[in-house]
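Let me begin by presenting the structure, written as structure tokens, before commenting on it.
The values are calculated or read from the model by the stated rules, or taken from the named source; none is laboratory data. Being a predicted model, the structure only gives us computed values, none of them experimental. Don't worry about glycine lacking a Cβ; one is built from the backbone with ideal geometry, like all the others, and counts go over all protein chains shown.
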Amino acid sequence: MSLIIYTCPNCGAKFCEDDELFDISKSLFCVLCGGDKIETFEKYQRDARRSGNPKESMHNQLIKISMGLISETGEVIEHIKKHLFLGHELNNDYLTKELGDVLWHLAILSDIIKVPLEEIAQKNINKLLNRYLNGFNAEKSINYLKELQSKTEDEGS
């Protein structure tokens with residue numbers, strides 16, 4: 001067994017020269033990522049899907065993925081809290097990995113409910129552009145929340 005270690009420049013995975021997941025023909029990229037850059041949400045969701053477990057019931061998938069999403073988001077928040085309040089360095093590499101875990105859970109959750117991640121992203125941007133066409137405005141934000149509360153109260157009557 002060789003001790004020479006290669007690091008995939010795309011996904012960061014580490015492999016020994018004779019590791020079966022390593023493919024020298026792909027210009028030192030591993031077969032885990034195939035050397036493909038993620039350029040669309042569709043590709044990300046397709047690649048993320050490979051590591052999900054579709055054999056589980058939808059009920060169990062929803063519970064597990066939702067809990068994972070909360071857990072990974074908590075790791076991001078904990079790191080930021082330590083930076084803001086305890087004087088720790090803000091580690092962008094760590095945050096990038098944890099945000100990637102959050103994104104994976106979002107992709108799997110959107111896959112479970114059969115809504116493409118790209119559609120979710122587009123609807124979110126449309127909502128934000130509708131709300132803040134010329135950029136964020138604190139007064140509009142306050143008025144929006146008041147309008148939303150008023151609508152909710154009217155519907156409850």
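Figure legend. Inter-residue proximity from the stretch 53-66: first residues surrounded by 10 or more Cβ atoms within 10 Å (Cβ to Cβ), second residues in a loop (DSSP other than H, G, I, E, B) and modelled with pLDDT of 95 or more, beta-carbon distance below 8 Å, spacing 6+ or different chains. No pairs are indicated.
Among the residues making up the stretch 101-130, those that are free of Cβ contacts under 8 Å to residues at least 60 places away in the same chain, of a type outside the set (A, V, I, L, M, F, W, C) and either surrounded by 11 or more Cβ atoms within 10 Å (Cβ to Cβ) or not assigned by TED's automatic domain parsing to the domain that holds R46 (or both) are D101, H105, E119, Q122, K123. Note on the stretch 106-157: residues that are over 20 Å from the mean Cα position of the chain (by Cα) and within 30 Å of T40 (Cβ to Cβ) amount to 8. Scanning the stretch 131-142 for residues that are of a type outside the set (G, A, S) and surrounded by 10 or more Cβ atoms within 10 Å (Cβ to Cβ) gives R131, Y132, N137, K140, I142.
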